[in-house]
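Working notes for the structure below.
Any read-out appearing in this document is the output of simple, stated calculations on the displayed coordinates, not a laboratory observation. Quantities reported herein were computed from a predicted structural model and do not represent experimental measurements. Ideal geometry is used to build each Cβ from the backbone, glycine not excepted, and the neighbour counts take in all protein chains shown.
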Amino acid sequence: MLCLICTDRDVGYTYACDRCVDDTRRRLRELEQYALVLTLTAGPLRAGTSRRAPGYTSRSPARDDVVVMLDVRSAGGASVHRLHDPRDADEQPYRSILGSLAGIADWIREEQQVTRPSGPPQLVREVGYLLGQLAWCAQQQWIDELADDIRELHAQARQLAGDAPPRPLGTCIVVGCTGTVYPVQLRTVEGIHDGARCSICHRTYDGLDLVRLRVAQEAS
Ligand SMILES: [Zn+2]
Ligand SMILES: [Zn+2]
């Protein structure tokens, strides 16, 4: 029997090969990182608008998409199958990372007759649950749909994050801060450009600061 995802490698009695399961696992982990990067990207842009003159409401479409992807309510479906319903195609071009992953996780919990934890979904918990269930999912006939869903979410997040893998640049140089610095798009009076931001203290890194950050990493 061939892997349902790559339709290439033989998988014996399951439905997905190890390599495809590993790819899905990597994408899930990166989605967690992308969500962090997108949060850092959306944050300063929102704050920056307050400095503008009242009435100036021009916002880049990319920024709105970031907000959608971070909004748990724009889930785009509560089951793997519904997410693939073509009727949903033009509803909302971008899906929420947390909402979609929580939807997939809930669907798997239903299949396994496990009750979902109380409280609002949390990214770390949903990703952790999905990572733990992937091996079981690989034994289900719908593993290819699940893998497609995660691949699609990952591609969207990657594109919105500037098409770069979420590589941390290093540890924040602020004294006492242990945050990790990620590349983000910064908006200043000169426009939008590449920069970086700490995940904990939210210090921005720009121009010479980026050089200082690199020097600090090499020295440590
Ligand atoms: Zn495969
Ligand atoms: Zn910091």
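Return the long-range amide H neighbours of L169 (sequence gap of 5 or more, or a different chain), with a cut-off of under 5 Å between placed amide H atoms.
So L169 has HN proximity to V181, Y182.
How would E126, E145, E218, E110 line up from fewest to most surrounding beta-carbon atoms within 10 angstrom? Spell out each step's value before the answer.
Values: E126 25, E145 18, E218 8, E110 13.
The most exposed by this proxy come first: E218, E110, E145, E126.
Go through G170, L208, L160 and say which Cα lies farthest out towards the positive end of the charge dipole of segment 160-220; charges sit on Cβ, +1 for Lys and Arg, -1 for Asp and Glu.
After comparing all options, I get G170.
If we count other beta carbons within 10 Å of each Cβ, what is the order of V175, V215, fewest first? Present the calculation step by step, with values, prior to reporting the outcome.
Working: V175 5, V215 12.
If I rank by nearby Cβ atoms, fewest first, I get V175, V215.
In debye, nearest 20: dipole of segment 170-219 around its Cα centre with unit charges on the Cβ of K, R (+) and D, E (-)? Show your work: numbers first, answer last.
Numbers: 5 positive and 5 negative charges, 26 e Å.
For this selection, approximately 120 debye.
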